[in-house]
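S.K.: Mind having a look at this structure? Questions to follow.
A short reminder: the numbers here are calculations on the coordinates, not readings from a lab. This one's a predicted model, so the numbers in the text were calculated from it and none came from an experiment. Here the Cβ positions follow ideal geometry from the backbone for every residue, glycine too, while neighbour counts run over all protein chains shown.
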Amino acid sequence: MSRKTYTSSDVDVSFDAGRCIHAAECVKRLPAVFDTKKRPWIQPDQANADEITAVVERCPSGALQYQRHDKAEPEQPDPVNTITLQPDGPLYVRRDLSLELNGETQAETRL
């Protein structure tokens with residue numbers, strides 16, 4: 001997995017293209033920050049940290065993640081296991097998850 005990080009003074013947003021399923025939650029909900037026609041396509045300085053983190057947490061695959069620079073709580077997993085089947089599409093899984101890939105384990109909240 002290769003993650004690229006986009007930095008602002010309030011929050012860093014990282015993106016893993018290999019995990020993206022193009023649900024477009026980001027570009028629909030916060031186009032000032034997530035605009036595929038601009039370079040870089042993620043511009044976290046175009047909105048406040050609360051707006052950005054709310055949208056990033058809607059990314060169903062976890063391709064988008066964030067790191068806040070303030071003392072706000074990090075993303076919390078759903079209190080119960082949640083699996084949502086999308087019409088003609090993937091399963092969205094949410095909870096306190098561990099992903100093992102290439103011998104490495106990482107904590108996740110969305111897959």
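S.K.: Here's a check for you: in region 23-51, which residue that is surrounded by 16 or more Cβ atoms within 10 Å (Cβ to Cβ) and among the polar types (S, T, N, Q) is farthest from the chain's Cα centre (by Cα)?
M.R.: Filtering region 23-51 for residues that are surrounded by 16 or more Cβ atoms within 10 Å (Cβ to Cβ) and among the polar types (S, T, N, Q), the one farthest from the chain's Cα centre (by Cα) comes out as 46.
S.K.: Just need a number here: residues in region 1-48 that are without any contact (Cβ under 8 Å) to a residue 12 or more places away in the chain and under 20 Å from residue 91 (Cα atoms).
M.R.: Looking only at that region, the number is 2.
S.K.: Right, another one. Among the residues of region 62-111, which ones are exposed (fewer than 13 other Cβ atoms within 10 Å of the Cβ), in contact with a strand residue (DSSP E or B) (Cβ under 9 Å, 6 or more places away or on another chain), assigned to a strand (DSSP E or B) and of a type in the set (Asp, Glu)?
M.R.: Residues satisfying the conditions are 96, 100.
S.K.: Confirm whether residue 59 is surrounded by 16 or more Cβ atoms within 10 Å (Cβ to Cβ) and in a loop (DSSP other than H, G, I, E, B). Break it down stepwise before answering.
M.R.: Details: surrounded by 16 or more Cβ atoms within 10 Å (Cβ to Cβ): yes; in a loop (DSSP other than H, G, I, E, B): yes.
So residue 59 passes the test.
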